[in-house]
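The values are calculated or read from the model by the stated rules, or taken from the named source; none is laboratory data. A quick note: this is a predicted structure, and the numbers were derived from the prediction, not measured. Every residue, glycine as well, gets a Cβ built from its backbone with ideal geometry; the counts of neighbours run over all protein chains shown. All accessible areas refer to the heavy atoms of the entire protein, side chains included, with ligands and DNA or RNA removed. Shrake-Rupley method; radii C 1.70, N 1.55, O 1.52, S 1.80 Å.
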Amino acid sequence: MSDCIFCKIINGEIPADKLYEDDRVIAFRDIHPQAPVHFLVVPKKHIPATTEITPENSGEVAYVFEIIAKLAKQEHLDGGFRVVNNCGENAGQTVPHLHFHVLAGKVMGETIV
Ligand code: 5GP
Ligand code: ZN
């Protein structure tokens, strides 16, 4: 997707503070962090949102969670962390390329799960 900001990060057109990259997934720090640790884990395949996950592409999503487990160890998120996916307008999704927020480094409030 030529006008997708995360595809541009994946293609190297826009710089990002990367924590991890392989041929299927990229992880980089959020530009507007909402916790002491806040990074995004993104499948390289342009899946617009959670509503577009299908039997054909769900392997990419499973793989994202493998990488989240790996990064939790790499980044020493031993106190725990929260994974957030926003899907659609009411949830506040602003980038239409599937991504998972990983938030850590503080005690999370009990509101919103
Ligand atoms: P959403 O609101 O769609 O769930 O999350 C999109 C996230 O992407 C936001 O937290 C926003 O700060 C982050 N973001 C948007 N543009 C960029 C960018 O160019 N670079 C980085 N590193 N993060 C971005
Ligand atoms: Zn994209």
For segment 41-103, with the dipole built from +1 on Lys and Arg beta-carbon atoms and -1 on Asp and Glu ones, taken about the Cα centre, which of Gly59, Leu77, Val95 lies farthest toward the positive end?
-> Leu77
Table column - 3J(HN,Hα) (Hz), segment 79-94, Karplus curve with 6.51, -1.76, 1.60, x for Gly and Pro | x, x, 7, 10, 10, 10, 10, 9, 10, x, 4, 5, 7, x, 5, 10
All-pairs alpha carbon distance profile, segment 1-80, 10 Å steps from 0, percent | 16, 48, 32, 4
Of all DSSP beta bridges in the chain, antiparallel share, percent nearest 5 | 100 percent
Virtual spin-label span in nm between Ala72 and Asn90, 7 Å along Cα→Cβ | 2.8 nm
Env charge @ His97, Cβ radius under 13 Å, K,R +1 / D,E -1, value 0
For segment 23-32, in residue order, the Karplus 3J(HN,Hα) values (coefficients 6.51, -1.76, 1.60; θ = phi - 60°; whole Hz; Gly and Pro = x) are 6, 10, 9, 10, 10, 8, 6, 5, 5, 10
Diffing segment 17-22: the Karplus 3J(HN,Hα) column from phi (6.51, -1.76, 1.60, θ = phi - 60°), in whole Hz with x for Gly and Pro, holds 8, 7, 9, 7, 7, 9
For the chain, which longest stretch is free of loop sites, where a loop site is one of the GluC sites (Glu not before Pro) that DSSP puts outside H, G, I, E and B and that has at most 16 other Cβ atoms within 10 Å?
-> 14-55
Sequence-distant aspartates and glutamates (8 or more away, or on other chains) whose Cα lies within less than 12 Å of Lys44 | Glu21, Asp22, Asp23, Glu60
Sequence-distant or interchain residues sharing an amide H contact under 5 Å with Tyr20, placed H: which?
-> Ala27
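If I compute solvent accessible area with a 1.4 Å probe over the protein chains, what percent of it on segment 14-70 is carbon and sulfur?
Its accessible area is 55 percent carbon and sulfur atoms.
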Give the relative contact order (percent, whole number) for segment 2-96; include only Cα pairs under 8 Å separated by 6+ residues.
-> 23 percent
Only helices counted: for the chain, with every DSSP H run of 4 or more residues adding -39500 (n - 2.57) and the sum spread over all residues, [θ] at 222 nm is -6500 deg cm²/dmol
By accessible area with a 1.4 Å probe, ligands and nucleic acids excluded, highest first: order of Ser58, Ser2 | Ser2, Ser58
Determine which lysines satisfy two conditions relative to Lys70: a Cα distance under 16 Å, and not lying fewer than 8 residues away in the same chain.
-> Lys18
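If you put +1 on each Lys and Arg Cβ and -1 on each Asp and Glu Cβ, how big is the dipole of the chain around its Cα centre, in Debye rounded to 20?
220 debye
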